[in-house]
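Before any comments, here is the structure.
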Amino acid sequence: MTDRTRFVILMVTAPILAYTLVGGLLGRVVAREDTYRHLRVFEDVVSIVTDNYVEPVEPERLMQGALWGLAEGLDPESAYLTPDDLSQYETDDASGEVGVGLVLTRQYYIQVVAARDGSPAAAAGLRPGDYIRAIDDNPTRIMSVVRGRQLLRGEPGSILTLTIIRGNAAEPVEVELERGGGRSANVTSRLVAPGVGYLRIAEFDDTTTDAIEAATGTLDRQRAERLLIDLRGTATGAFESGIDAARLFTSADTLVIRESSTEQEPVNGAGEPAIAWPVVILTDPGTAGAAELFAAALTDTDRAETVGLRTAGRVAEQTLIRLPDGGGLLLSSTRYLTASGEPIHRVGVEPAVVVPVPTVELGQAVADPDLDPVLDRALEHLAAMPTV
């Protein structure tokens, strides 16, 4: 192994080793000798590749691949950022650029978590679980979620081509989307049956809690006594906004628990709730982030029940650690647990009543768009719950 290769390895692995040894953000502290043993194995592998691979390998390329694999093995939200990725990440809110309304994660390829209500992606029929094999001919097999989000953004009105795989389909489908700012209101409401209000929450931001109070006030004047809350495909918003919204419904002392590598911190409730109706929450794999915290806080404290499918399991906060090469590690440094201490991140919230949803081929029309088996089952379940 050349001196240059050894130098690159040292520059890349030194900060990782430091965080590991001091019990930092990469997980639990391990014994010093065990850490050195693994690093020696890593150095041996680099040496074998450098000396025996059929083509010359640049040390920087080798290290970037190793760091990519390291972050990939943690969870879909953690990522290694190249210097270029990091630069774009820090200027992600480029003036005038818009996306197509997709929330992304990683599983083999870039994958759709959800498409925002009213967005170009939702209009095209993209659904949770769809794989994006390429973004404008850029393969996503080795691409961070950060880079994927960057490629989705562009000038309003510009055209984006996604290569999509759904389910077990052998052939990918190309979908053209026009970048734009189309979206629905964060909170909408209506009566869906006598005495039953329906609340659709599309996003949790700093206006959502007030919007929920206003919407339920309107439903109350319409003589609602029970409430359905639809969180299917709700994957955007701040964690704190989801927790604030949960405080409207429950007086539990602890709503969720915030956990880092060194401590657990209960997130407290806030006294008497404003909304006391029986509640059923509709969920699916597109229910993620703040929406999951909202659902977990209400279900784990026996304030609501859920109907539909398991949520996404994406409730971790990331910390950016800069590396000497100009890149960075985006690491999940904090995650949330239920009030009873069960993990939500990478697990999700399991519904009390599971309702399977038929798969629709991409580009194929839904047999009857007015049919909603999850909503129908949720109405039945809500009707059987006693009123306060």
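Conditions (1) farther than 17 Å from Asp117 by Cβ; (2) open to solvent by 60 Å² or more (accessible area, probe 1.4 Å), marked per residue:
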site: Leu160; (1), (2): yes, no
site: Ile164; (1), (2): yes, no
site: Glu203; (1), (2): no, no
site: Asp210; (1), (2): yes, yes
site: Thr218; (1), (2): yes, no
site: Arg221; (1), (2): yes, yes
site: Ile229; (1), (2): no, no
site: Thr234; (1), (2): no, no
Would you point out which residue out of Val196, Val192 is open to solvent by 10 Å² or more (accessible area, probe 1.4 Å), touching a residue at least 60 places away in the same chain (Cβ under 8 Å) and either over 16 Å from Ala304 (Cβ atoms) or aromatic (Phe, Trp, Tyr) (or both)?
-> Val192
With Gly180, Gly242 as the choices, which residue is small (Gly, Ala, Ser) and touching a Leu at 6+ places or on another chain (Cβ under 8 Å)?
-> Gly242
When segment 137-156 is checked residue by residue, the ones that are surrounded by 19 or more Cβ atoms within 10 Å (Cβ to Cβ) and assigned to a loop (DSSP other than H, G, I, E, B) are Thr140, Met143, Ser144
Kindly check whether there is at least one residue in segment 74-92 that is in contact with a Phe, Trp or Tyr (Cβ under 8 Å, 6 or more places away or on another chain), over 30 Å from Asp117 (Cα atoms) and among the hydroxyl-bearing types (Ser, Thr, Tyr).
-> yes
Scan segment 324-369 for residues that are outside any strand (DSSP E or B), within 19 Å of Tyr80 (Cα to Cα) and in contact with a strand residue (DSSP E or B) (Cβ under 6 Å, 6 or more places away or on another chain) and report the count.
-> 1
Is it the case that Ser144 is at pLDDT below 90 and either more than 19 Å from Thr287 (Cβ to Cβ) or among the small types (Gly, Ala, Ser) (or both)?
-> yes
Elements of type strands (runs of 3 or more DSSP E) contained in segment 200-282, each with 2 or more residues being under 19 Å from Leu379 (Cα atoms) = 226-230
Within segment 42-65, considering residues that are aliphatic (A, V, I, L, M) and in a loop (DSSP other than H, G, I, E, B), the one surrounded by the most Cβ atoms within 10 Å (Cβ to Cβ) | Val57
Top-ranked residue of segment 283-323 - restricted to ones that are in a helix (DSSP H, G or I) and among the hydrophobic types (A, V, I, L, M, F, W, C), ranked as farthest from Asp75 (Cα to Cα) | Leu298
Taking the stated definitions as given, is Ala134 touching a Pro at 6+ places or on another chain (Cβ under 7 Å) and either modelled with pLDDT of 95 or more or open to solvent by less than 10 Å² (accessible area, probe 1.4 Å) (or both)?
-> no
Listed by first then second residue, the pairs whose first member lies in segment 73-90 and is within 21 Å of Gly154 (Cβ to Cβ) and without any contact (Cβ under 8 Å) to a residue 24 or more places away in the chain, whose partner is in a strand (DSSP E or B) and among the basic types (Lys, Arg), with beta carbons under 7 Å and at least 6 positions apart or on separate chains, are none
Is at least one residue of segment 61-79 at pLDDT 80 or above and closer than 20 Å to Glu203 by Cβ?
-> yes
Is at least one residue of segment 156-174 among the acidic types (Asp, Glu) and within 20 Å of the chain's Cα centre (by Cα)?
-> no
What are the residues in segment 346-388 that are touching a Lys or Arg at 6+ places or on another chain (Cβ under 6 Å) and within 30 Å of Val175 (Cβ to Cβ), if any?
-> Gly348, Val355, Leu362
Please indicate, with yes or no, whether at least one residue in segment 119-135 is basic (Lys, Arg) and in contact with a Gly (Cβ under 9 Å, 6 or more places away or on another chain).
-> yes
Looking only at segment 255-264, decide whether some residue is farther than 30 Å from Ser87 by Cβ, open to solvent by 50 Å² or more (accessible area, probe 1.4 Å) and among the polar types (S, T, N, Q).
-> yes
Filter segment 179-189 for residues that are in contact with a strand residue (DSSP E or B) (Cβ under 6 Å, 6 or more places away or on another chain) and at pLDDT 90 or above; which is surrounded by the most Cβ atoms within 10 Å (Cβ to Cβ)?
-> Ser189
Just a yes or no: is a residue in segment 19-41 part of a helix (DSSP H, G or I), at pLDDT below 75 and of a type in the set (A, V, I, L, M, F, W, C)?
-> yes
Scanning segment 113-158 for residues that are free of Cβ contacts under 8 Å to residues at least 40 places away in the same chain and within 19 Å of Gly313 (Cβ to Cβ) gives Tyr131
Members of segment 312-351 found to be small (Gly, Ala, Ser) and surrounded by 14 or more Cβ atoms within 10 Å (Cβ to Cβ), listed by number = Ala312, Gly313, Ala316, Gly327, Gly328, Ser332, Ser333, Ala339, Gly348
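The values are calculated or read from the model by the stated rules, or taken from the named source; none is laboratory data. The structure presented is a predicted model; accordingly, all values stated were derived computationally and were not measured. FYI the Cβ positions are ideal-geometry reconstructions off the backbone, even for glycines, and counts take in every protein chain you see. Surface areas here come from the heavy atoms of the whole protein model, side chains and all, with no ligands, DNA or RNA. Shrake-Rupley method; radii C 1.70, N 1.55, O 1.52, S 1.80 Å.
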